[in-house]
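Read through the structure below, which is laid out as structure tokens, and then see the notes.
Just so it is clear, none of the values below were taken in a lab; they were calculated from the coordinates. Just so you know, these numbers come straight off a predicted model, no measurement behind them. For neighbour counting, all protein chains shown are included, and Cβ atoms are generated from backbone atoms with ideal geometry for every residue, glycine included.
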Amino acid sequence: MVDLRPLRGWRFAVPPMEDLSSHIAPPYDVISPEMRKELEQLHPHNIVHIDLPVGKGAGRYQRAAELFRRWQDEGVLTQEPDPAFYLLEQRFRVAGGRQVTRIGLIGRLRLVPWGEGVLPHEQTFPRAKADRLALLSAARAHFSPVFMMYSDPMGKVLTPLLSARQKTPVAIASDQEVIHRLWVVTDPEAIEAARAAIASRTLYVADGHHRYETALAYQRQCLGRNGDKPDASYNYVLIYATAMEDPGLVILPTHRCLHDIPDIDADRLLQAISQHFDITYHEPEVELLGEMYCAARRDRVFGLVLADKPGGYLLRLRPRAATLGLLLKENHPAVADMDVAALQTLVLGPVLGISPESHKQRPYVDFEPNAQAAIAGVRSGRYQAAFLLMPTQLRQLQAVAEAGQIAPPKATYFYPKLPSGLVIYDLDRV
């Protein structure tokens, strides 16, 4: 049973409708060192100062915690007077320029082990979890929500909250790509209706696996020190939840851009790929992208752009028994159905010697959601090759999670990301 509750969140104390863009930041794990410097210089109160502290050793986490408390005490941050669910609307454009909107609610979710109403699809790694646990232990707050999804064809979860919200949002932020708008809903009847509607549903984690596992680890630490206190704040984690049927729930592909691979030869690579794929040459590359989307209606297809070859290649997987048997030998059926698994099993592993493990891929693979950027990287000499993929489908992700399996690394890129610093869950000042 999903136990989702309202919270008295902390928010930046700016007038309603004043642009918060200079205060919020993307999730910590997509911020490059260069982006962090830009955010730091954007505003002295940008959340990146706290959510992604710089420096060496444990001292940086303590400094972040002290800064967080200072902002609270100085009125930079203010707490909601009443328990609330928050509605976050994000407007953005997809390929072709069409504008879409995604909306979801922010609340605090009672922590449960994986498989008990909350399902993952990604592998997590100790280093990232150690970093998040150090920050959570020092600051005792969640600065960005875990991104979750649920099935709700009739819209029963959000309808009461949408009916109860005010016309004017309490906060707005914008950048070149996304407009974020936030509403606060404190109506008790609307909150209870939403809680009841989501209680029996399964939550699928889209982004934030490391933060969810970190919250579980911190809960275990607190239970060891304090004993079982069911309503203690550390038994909850900040989440954003949206319906899987929302037309604005967008998954971008994660193209594989190869670099620093020794002795890569384009002709030998194409010859090896032809064992499992029909290969068609296309020039220019923009024609390749169009052909990929058309062919994907019937077949499993990939694109390939090579540094020392003009144009690009459409790779069409042959549905032969031997090929499908190899996919199923190496993968669970739900995983084998994913294009990222097929590429890894048939090409990246056996042909190029690239391990399926995420930390072993990093020296050789960059993951890029923008096909034009991937192609440009090849043409500039930054990459030796780029494999272009179609996006993972929600049904595939759902099947992997329900089977208790883990998808290959970077199987999805949910867009847009959720901002950090928009709503903060303070475990000490609930």
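If only the Cβ of Lys and Arg carry +1 and only the Cβ of Asp and Glu carry -1, the dipole of the chain around its Cα centre is close to 540 debye. Charge dipole (Cα centre; +1 on Lys/Arg Cβ, -1 on Asp/Glu Cβ; no other charges) of segment 255-411 amounts to roughly 320 debye. Of all lysines in the structure, the ones whose alpha carbon falls short of 25 Å from that of K56, not counting any fewer than 8 places away in one chain, are K37, K129, K360. Axis of helix 321-330 versus longest Cα principal axis of the chain: the two differ by about 40°, to the nearest ten degrees. Taking 1 over the mean of 1/r across every pair of different Cα atoms in segment 4-72, what Kirkwood radius in Å do you get? One over the average 1/r among Cα pairs gives 13.4 Å for segment 4-72. Of the trypsin sites (Lys or Arg not before Pro) found in segment 151-239, the ones in coil according to DSSP and having at most 15 other Cβ atoms within 10 Å of their Cβ are K156, K167. Loop sites by DSSP among the GluC sites (Glu not before Pro) of the chain, restricted to those with at most 16 other Cβ atoms within 10 angstrom, leave 246-356 as the longest stretch without any of them. Kirkwood radius and radius of gyration were both taken over the C-alpha atoms of segment 94-140, and their ratio Rg/Rh is 1.12. For segment 255-411, the Stokes-Einstein estimate of translational diffusion at 4 °C and a viscosity of 1.567 mPa s comes to 82 µm²/s, using the Kirkwood hydrodynamic radius over alpha-carbon pairs. Sorting F147, F367, F85 by the number of Cβ atoms found within 10 Å of their own Cβ, with the fewest placed first, yields F367, F147, F85. Which of rounded, prolate, oblate describes segment 376-430, given a ≥ b ≥ c as roots of the alpha-carbon gyration tensor eigenvalues and a/c under 1.5 marking rounded, otherwise prolate only if a/b is larger than b/c? Taking the square roots of the gyration eigenvalues as a ≥ b ≥ c, segment 376-430 is oblate.
A quarter of the convex hull surface defined by the alpha-carbon atoms of the chain gives 21.6 nm² as the mean projection. Considering only the Cα atoms of segment 338-430, their convex hull presents on average a projected area of 9.2 nm². Calculated mean residue ellipticity at 222 nm for the chain: -9000 deg cm²/dmol, from DSSP H runs with n ≥ 4 weighted as -39500 (n - 2.57), summed, divided by the residue count and rounded to 500.
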